[in-house]
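Participant: Please read through the structure below; I'll follow up with questions.
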Amino acid sequence: MEKIQTERRRKPRPKTSAEAVAERIRQTLLLFGGEAHRREVIMQMARDSGVDVRNIPEELETTVITSFEAAWNDAEKRETFGFTLRFGEGSHRWGVRMPETSH
């Protein structure tokens, strides 16, 4: 009896919540032209979530900061998201490499 092999297709790995937040940070930085102070990023993400920017929950702020830092501290994720720190380690000026555009 001949064994029939079926091709297994890999399902894309679901993003963790930290990765999903990192992707939202990336999109927000792109909205700002590629870089912004982390406070501006947090405020924009709060706006996008319908949160009053005059009273941003500490949990939201912490989640955004820790997600960026986790991606920054992991070389593979830093490359995936394209994160940069404008003024080096400890900087609050976050950036993202801009996608190349063809002319």
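Participant: Test Phe32 against the criterion of being aromatic (Phe, Trp, Tyr) and surrounded by fewer than 17 Cβ atoms within 10 Å (Cβ to Cβ), and give yes or no.
Facilitator: yes
Participant: What are the pairs, 6+ residues apart or on separate chains, where a residue within region 49-72 that is under 19 Å from Arg93 (Cα atoms) has its Cβ under 8 Å from a residue that is in a loop (DSSP other than H, G, I, E, B) and not aliphatic (A, V, I, L, M)?
Facilitator: Leu60/Ser49
Participant: Keeping to region 53-103, report how many residues are open to solvent by 50 Å² or more (accessible area, probe 1.4 Å) and assigned to a loop (DSSP other than H, G, I, E, B).
Facilitator: 14
Participant: If you scan region 73-92, which residues turn out to be more than 14 Å from the chain's Cα centre (by Cα) and touching a residue at least 12 places away in the same chain (Cβ under 8 Å)?
Facilitator: Listed by number, the residues that qualify are Arg86, His92.
Participant: Would you say Glu40 is part of a helix (DSSP H, G or I), modelled with pLDDT of 95 or more, acidic (Asp, Glu) and in contact with a Ser or Thr (Cβ under 9 Å, 6 or more places away or on another chain)?
Facilitator: Criteria met by Glu40.
The values are calculated or read from the model by the stated rules, or taken from the named source; none is laboratory data. All of these numbers come straight from a predicted model, not from anything done at the bench. Because the Cβ atoms are built from the backbone with ideal geometry, glycine has one as well, and the counts that use them run over all protein chains shown. Just the protein is used for accessible areas: all its heavy atoms, side chains included, with ligands, DNA and RNA removed. Shrake-Rupley method; radii C 1.70, N 1.55, O 1.52, S 1.80 Å.
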